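Read the structure below first, then the notes.
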Amino acid sequence: MNDPKKFPIKPRCGFAYPGTYGHECGAPAVEVFVFHTELTRDGQFFTGRCEECAKIRGGENAGLVRREPLGNQFNLFK
Ligand SMILES: [Zn+2]
């Protein structure tokens, strides 16, 4: 069944420094970071990180719940 609110994650790094909205890193992702969110049905938000951005502490990486290998994760928005 096609679910219009089910978004496979992009295999690209979605890290953006504070104040750089719209300027995500965009490098090929090597792993997936998982965060808590109120925006999805399962309370989880998945986003790709490249090797360099995965090393950054704070910023958009603050609140990291866990890291996963890049796979077929998807976000289920409400
Ligand atoms: Zn990156």
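Read-outs throughout are calculated quantities, based only on the coordinates presented, and are distinct from any laboratory measurement. Predicted model, so just to flag it, every value in this text is computed and none were measured. FYI the Cβ positions are ideal-geometry reconstructions off the backbone, even for glycines, and counts take in every protein chain you see.
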statement: Per the charge dipole of the chain (beta-carbon charges, Lys/Arg positive, Asp/Glu negative, Cα centre), the residue among Thr47, Thr37, Gly71 reaching farthest to the positive end is Thr37
Principal axis dimensions, largest first and in whole angstrom, of the chain by Cα: 36, 24, 23
- prompt: Ranked highest first by average number of other Cβ atoms within 10 Å, how do 64-76, 33-45 line up?
  reply: 33-45, 64-76
- line: Amide H neighbours of Gln44 at under 5 Å, excluding residues fewer than 5 places away on the same chain, with H built from the backbone geometry, are Thr37
query: Setting aside same-chain residues fewer than 8 positions from Lys78, which lysines have a Cα under 26 Å from its Cα?
result: Lys5, Lys6, Lys10
Interchain or long-range residues, amide H under 5 Å from Asn75's placed H: Phe7, Ile9
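Size of the dipole of the chain about the Cα centre, Lys and Arg at +1 and Asp and Glu at -1 on the beta carbon, nothing else charged, in debye to 20? Can you show the working numbers first?
Details: 11 positive and 9 negative charges, 23 e Å.
With Lys and Arg at +1 and Asp and Glu at -1, about 120 debye.
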The chain: Cys lacking any partner C-beta under 4.7 angstrom: Cys53
